[in-house]
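The values are calculated or read from the model by the stated rules, or taken from the named source; none is laboratory data. None of the values given here were measured: they were computed from a predicted structure. Note: ideal-geometry Cβ built from the backbone for every residue, glycine included; neighbour counts use all protein chains shown. Heavy atoms of the whole protein, side chains included, go into the accessibility calculation; ligands, DNA and RNA do not. Shrake-Rupley method; radii C 1.70, N 1.55, O 1.52, S 1.80 Å.
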Amino acid sequence: MTRPDLRGARASEKISVNANVAASTRVFEELRARIVTLKLPPGTILRRAELAEAFGVSQSLIREAIQRLEEIDLVVSYRQSRTEVTRINCESLRHESFLRSGLECEVVDLLCRTPDADLTKALGYLRIQEALVDEADQIELFRELDESFHEALFTATGHEAMHRLVIERSSQMARLSTLDLPRSDKLHSVVAGHRAVVDRMQAGDRQGATDAMRAHLSGTIGRLPDIMDANRDYFT
């Protein structure tokens, strides 16, 4: 059984998380981030006592965070036994892809219909991604910029709360993207997809912008068979 990767954290070496967020939410967000980036891969056993010590919180708060992770199918708890990181569920992937594509296409359509929409942040994130696209050692930063780009589009419509929903409900897709992202051509594909979306929005091309977003979001799910073949142990 795999032990949780808490980077050696113990009671004397607490995990650093955002102090401005409720404790159970902080734990949930940190554990989710570690699971979707595969720092806690499928099959990892999560022990509440160890997590409570590492985070410096009570086991009841750990329990709340784990319940939220169960709701989005990232962990499963066996009564009086253990909590384990789940494997990636292919049926859930398809549902999540449908949800994200629908919401994000609606976002770009709305932005095309909003003449004074502020795309400054999205453009800023895109330019940094373009500068990093050939920097293999900057994949983690590239990933953060990727999500920040999408978040900036939601924020520009005034629907930033919906981005949080998309993030939580796309956790299987996030793990699939982690498996797909290290490819150099994938990084270039992400940047090209973002650029196509922005260019079409700036041109006021509603159909072109939504088509570009749909194509951008379908790339990873389209590679699902190949990703599964290369990572069989990660999938149900």
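Remarks
- Given (1) under 17 Å from THR178 (Cα atoms); (2) touching a Leu at 6+ places or on another chain (Cβ under 9 Å); (3) surrounded by fewer than 20 Cβ atoms within 10 Å (Cβ to Cβ); (4) not aliphatic (A, V, I, L, M), number of the condition GLU84 does not satisfy: (1)
- If you filter the range 180-220 down to residues that are open to solvent by 40 Å² or more (accessible area, probe 1.4 Å), in contact with a helix residue (DSSP H, G or I) (Cβ under 8 Å, 6 or more places away or on another chain) and under 26 Å from VAL36 (Cα atoms), you find that the one that is modelled with the lowest pLDDT is SER184.
- So ARG94, is it farther than 20 Å from THR220 by Cβ, part of a helix (DSSP H, G or I) and either touching an Asp or Glu at 6+ places or on another chain (Cβ under 6 Å) or open to solvent by 30 Å² or more (accessible area, probe 1.4 Å) (or both): no
The rows are residues; the columns are (1) part of a helix (DSSP H, G or I); (2) touching a helix residue (DSSP H, G or I) at 6+ places or on another chain (Cβ under 6 Å); (3) at pLDDT 95 or above.
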position	(1), (2), (3)
PRO4	no, no, no
SER16	no, no, no
GLU29	yes, no, no
ARG34	yes, no, yes
GLU50	yes, no, no
LEU110	yes, yes, yes
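- Within the range 46-84, the set of residues being more than 13 Å from LEU31 (Cα to Cα) and among the hydrophobic types (A, V, I, L, M, F, W, C) comprises ALA49, VAL57, VAL76.
- Against the list (1) buried (at least 19 other Cβ atoms within 10 Å of the Cβ); (2) modelled with pLDDT of 95 or more; (3) not in a loop (DSSP other than H, G, I, E, B), the condition GLU70 fails is (1).
- For the range 115-134, filtering for residues that are open to solvent by 90 Å² or more (accessible area, probe 1.4 Å), assigned to a helix (DSSP H, G or I) and either in contact (Cβ under 8 Å) with a residue 40 or more places away in the chain or in contact with a helix residue (DSSP H, G or I) (Cβ under 7 Å, 6 or more places away or on another chain) (or both) leaves 1.
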